[in-house]
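What follows is one structure encoded as structure tokens, with my remarks underneath.
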Amino acid sequence: GELIKWEGKTDEVFSTISSSEDYKPTKLGTVPHMDKETALEVLKSACDAYAKGQGDWPTMKVADRIACMEAFVSKMKEQRELVVKYIMWEIGKSLPDSRKEFDRTVEYIIDTIEDYKQLDHDSAKFHKKEGVYAHIRRGPLGVVLCLGPYNYPLNETFALLIPALMMGNTVVFKPAKHGVLLLSPLLEAFRSSFPKGVVNVIYGRGREVAAPIMQTGRIDVLALIGNSKSAIALQDQHPYKNRLRLVLGLEAKNPGIILPDADLDLTVEECISGTLSFNGQRCTALKMLYVHDDIREEFLKRFAKRVDELKFGNPWEDGVMLTPLPEPGKPAYIQELIDDAKFKGAQIINERGGETTDNYIFPAVLFPVTDDMRVYEEEQFGPVIPVKPFNSIEDLLDEIADSNYGQQVSLFGNDIKELAPLIDTLVNLVCRVNLNSSCQRGPDVFPFTGRKDSAVGTLSVHDALRSFSIRTFVASKDK
Ligand code: G3H
């Protein structure tokens, strides 16, 4: 509720980027170092505010709840430049993309308010069937634990938090490990816009703060964007599994399929942004390219050349696409994937691939990648691009069907007769087929989800309001 006056132990937060020539992270500030006891107090605040569905927030009138959300978004907008700076310094996202993340989040909240207004709130409206009058409404689920990822620390944390709040739930949220300070300028806006205890924050290690909260059995919804390992570990802590609702955005290994008649200029550019926007640290990134044998030589030549032209630098510099990586172990991990692939027969086909600095490794295009390589199996979430040749589209479809993931596909080609049946098959294997364009989550009004290990529930403005609520009704009978 108080979001947050802290006099206890703190953790230092360092930047991902450095303003000095010799790489040295800058201290940006501190955040509370919470322990189990504090986390449980925070949970109590959320439970008290929910008050078994009788709290001010879950019972608040539609117009009043909207007013709170509108007050919040208008205060949030005042913090734009500060939050953008934190995004840039904490996770190394380019200045234009950091601004985009902020603006997109504001737009997301405004669209959520609009969509919420469209829900059937009219208490005078009844549905009648077989002599039963039903007054159906949409209500909250309870107390929600939200955990966002480091690659969209503002936007994706809010993509969970905002719809959960809008539907009358109370929330405990945990910022990502990298991208934690950027939420500080917004805490006062939360505190002054919502009733006490409705929005609550926990800081610290998942094991020390999120796990004990789950162990109480008092979390009704686990909402997480991140990796399956954390999602499973947290679910396992909950003593009453069937009571727990899940809203999860997880890993993906989205394939880009390049057919013989693809427009190569367009395909190369889309594959560049698809694989390397924010250094490939996006769940929607193209993480495998499948190129048809008939076009592969030309594609690889052009693609490798374009990758080598990309500029690495600080996020505020003009024209920079590649920026420092926030996870200290990431360059070494990417190097391991490269070494494994090379050992098993792939080559780096671009000249600069694998060049390293202290906190970066230049994107490596690996060819030919085979099923036994780690880079084929693992979600790299970083600057390495595996390319696999193919000849038979049937075999490729089998491969996609056998994958553990099912978020999106990009399909590059022009023969509509050939594309149509392929599209029909692919939409039953993934949840979005992108024609001649790279994969992406937005626009945020369209459904964002995945099959298999990629997601549980749907996140989009419209769908998220439904994911965080339940339809209930009051029934009466004809006399
Ligand atoms: O990391 C996963 C994000 O949902 C990617 O979103 O496609 O808008 O970059 P994006």
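The values are calculated or read from the model by the stated rules, or taken from the named source; none is laboratory data. On a predicted model such as this, the values are computed, not experimentally measured, just so you know. Positions of Cβ are generated from backbone atoms using ideal geometry, with glycine treated the same way; all protein chains shown enter the neighbour counts.
Return yes or no: is Asn151 surrounded by 24 or more Cβ atoms within 10 Å (Cβ to Cβ) and over 19 Å from Leu222 (Cβ atoms)?
yes
If Val433 passes every condition in (1) buried (at least 19 other Cβ atoms within 10 Å of the Cβ); (2) touching a residue at least 40 places away in the same chain (Cβ under 8 Å) but one, which one does it miss?
For Val433, the exception is condition (2).
Anything in region 69-126 that is part of a loop (DSSP other than H, G, I, E, B) and more than 16 Å from the ligand (Cβ to nearest atom)? List them, or say none.
Scanning region 69-126 gives Gln79, Leu119, Asp120, His121, Asp122, Ser123, Ala124, Lys125, Phe126.
What number of residues in region 242-252 are under 23 Å from Ser460 (Cβ atoms) and more than 16 Å from the ligand (Cβ to nearest atom)?
The qualifying residues number 3.
Looking only at region 191-217, how many residues end up being surrounded by 19 or more Cβ atoms within 10 Å (Cβ to Cβ) and in a loop (DSSP other than H, G, I, E, B)?
6
Give all pairs with beta carbons closer than 6 Å in which a residue from region 143-155 that is without any contact (Cβ under 8 Å) to a residue 60 or more places away in the chain meets a residue that is more than 11 Å from the ligand (Cβ to nearest atom); count only pairs at least 6 apart in sequence or on separate chains.
Asn155/Thr105
Identify, from the list Pro389, Pro383, the residue that is in contact with a Gly (Cβ under 6 Å, 6 or more places away or on another chain) and either modelled with pLDDT of 95 or more or not aliphatic (A, V, I, L, M) (or both).
Only one candidate passes the filter, namely Pro383.
Is it true that Arg306 is touching a helix residue (DSSP H, G or I) at 6+ places or on another chain (Cβ under 7 Å), within 23 Å of Ser94 (Cα to Cα) and more than 16 Å from the ligand (Cβ to nearest atom)?
Taking the combined requirement at face value, the residue satisfies it.
Looking only at residues that are assigned to a loop (DSSP other than H, G, I, E, B) and within 24 Å of Met373 (Cα to Cα) in region 295-325, which one is modelled with the highest pLDDT?
Per the stated criteria, the residue is Ile295.
For region 62-77, state whether one or more residues are closer than 30 Å to Gly313 by Cα and at pLDDT 95 or above.
Within region 62-77, one or more residues are closer than 30 Å to Gly313 by Cα and at pLDDT 95 or above.
So how many residues does region 122-133 have that are surrounded by 14 or more Cβ atoms within 10 Å (Cβ to Cβ) and either in contact with a Lys or Arg (Cβ under 7 Å, 6 or more places away or on another chain) or touching a residue at least 40 places away in the same chain (Cβ under 8 Å) (or both)?
Adding up the residues that qualify gives 1.
Determine which member of the set Val132, Val201 is β-branched (Val, Ile, Thr), away from the ligand (no atom under 16 Å from the Cβ), more than 30 Å from Ser230 (Cβ to Cβ) and over 15 Å from the mean Cα position of the chain (by Cα).
Val132
Quick check: is even one residue across region 459-478 out of contact with any strand residue (DSSP E or B) (no Cβ under 6 Å at 6 or more places or on another chain) and polar (S, T, N, Q)?
The answer is no, given that none of the residues of region 459-478 is out of contact with any strand residue (DSSP E or B) (no Cβ under 6 Å at 6 or more places or on another chain) and polar (S, T, N, Q).
Output the residues belonging to region 253-281 that are within 12 Å of the ligand (Cβ to nearest atom) and over 21 Å from Val369 (Cα atoms).
Ser277, Phe278
Can you tell me which condition Asp453 does not meet? The list is (1) over 15 Å from the mean Cα position of the chain (by Cα); (2) among the charged types (D, E, K, R); (3) more than 25 Å from Asp103 (Cα to Cα); (4) modelled with pLDDT of 95 or more, and all the others hold.
Here Asp453 meets the rest and fails (1).
Tell me yes or no: at least one residue of region 29-48 is among the charged types (D, E, K, R), outside any helix (DSSP H, G or I), surrounded by 14 or more Cβ atoms within 10 Å (Cβ to Cβ) and in contact (Cβ under 8 Å) with a residue 12 or more places away in the chain.
yes
How many of the residues in region 135-162 are touching a strand residue (DSSP E or B) at 6+ places or on another chain (Cβ under 8 Å), within 16 Å of the ligand (Cβ to nearest atom) and over 25 Å from Glu41 (Cβ atoms)?
4
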